[in-house]
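Accompanying notes for the structure given below.
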Amino acid sequence: MQLITQQQINRFVAGKTIAIVGASRKEKSFSADVAKHLQELNYKLWYVNPNYETDELENSKVQSIKSLPKEVKHLLVLTPAMETESVVKQALDNGIDNIWIQQNSETTAAIELALVNKVNLIHHQCIFMFTKPTGIHKFHRTIKRVFGSLPK
């Protein structure tokens, strides 16, 4: 498995505009928690969900990656694992070169596809731990640091 470096993570989180694929409409969902956290850190977010209705397509919501503005170059993947390879392919087709596949969304095929195309790829990591973590995420980061399993 590819080792993720702190430099790769820094490169991803330095991008202040991020598209979240797998954005849920549910207010009490992991993707909603991620979005709220990133908004509090002043990230400009785009939400990608093919199930958005036409009347929902405002306020940075789109139905597909190809509908994102061309300046969006950072993609956070929160989809079910079975959808991730297709999402990575769409991202590559649209020139997105920074992809974070949230832990539990990754597949070997999606990772290999991103690596072959030489994007800045983060996988098997939780974005909360690298964006000013609070609460349980801060605790998890501390545990990983104590046991030496944080990226270096």
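Taking the mean number of other Cβ atoms within 10 Å as a proxy for protection, how do you rank 103-112, 76-85 from highest to lowest? Mind dumping the intermediate values first?
On the way: 103-112: 16.5, 76-85: 19.1.
Taking the mean over residues of other Cβ atoms within 10 Å, the ranking is 76-85, 103-112.
Can you give me the relative contact order of the range 26-107 as a percent, contacts being Cα pairs under 8 Å and 6 or more apart?
Details: 85 pairs, mean separation 19.4, N = 82.
Contact order relative to length: 24 percent.
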Cα convex hull volume per residue for the range 87-150, in Å³, equals 96 Å³
Mean 1/r over distinct Cα pairs of the range 1-88, inverted to a Kirkwood Rh in Å, yields 13.8 Å
Counting sequence-distant residues (5 or more places) and residues on other chains, those with an amide H built under 5 Å from that of Ile122 are Ile99, Trp100, Ile101
Given backbone amide H placed at 1.01 Å from N, residues whose amide H is under 5 Å from that of Tyr47, ignoring those fewer than 5 places away on the same chain, are Ile20, Lys61, Val62
Given a Förster distance of 35 Å, the FRET efficiency implied by the Cβ-Cβ spacing of Lys89 and Phe139, rounded to the nearest 0.05, works out to 0.45
Cα-based Rg and Dmax for the chain, in Å, come out at 14.8, 48
Counting only DSSP beta bridges with both partners in the chain, the antiparallel fraction in percent, to the nearest 5, comes to 0 percent
With label points set 7 Å from each Cα along the Cα-to-Cβ direction at Gln63 and Lys28, the distance between them in nm comes to 3.0 nm
Length-normalised contact order of the range 6-146, Cα under 8 Å, at least 6 apart, in percent, tallies to 22 percent
Going through Lys44/Lys73; Lys28/Lys73; Lys61/Lys118; Lys89/Lys118; Lys70/Lys138 one by one, the pairs whose alpha carbons sit over 22 Å apart turn out to be Lys28/Lys73; Lys61/Lys118; Lys70/Lys138
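How long is the gain from Asn10 to Phe147 if the chain were fully straight, where each residue apart is worth 0.36 nm and the alpha carbon distance is subtracted? Let's see the in-between values first.
Values: separation 137, 0.36 × 137 = 49.32 nm, distance 2.10 nm.
Stretched fully, the Asn10-Phe147 segment lengthens by 47.2 nm.
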If each part is reduced to its alpha-carbon centroid, the range 13-34 and the range 118-132 end up apart, in Å, by 13 Å
Expected unfolding gain across Thr17-Glu40 under the 0.36 nm per residue rule, minus the alpha-carbon gap, is 7.0 nm
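The numbers here are math on the coordinates, done by the rules we state, and not lab data. None of the values given here were measured: they were computed from a predicted structure. So basically every Cβ, Gly included, is an ideal-geometry build from the backbone, and we count neighbours across all protein chains shown.
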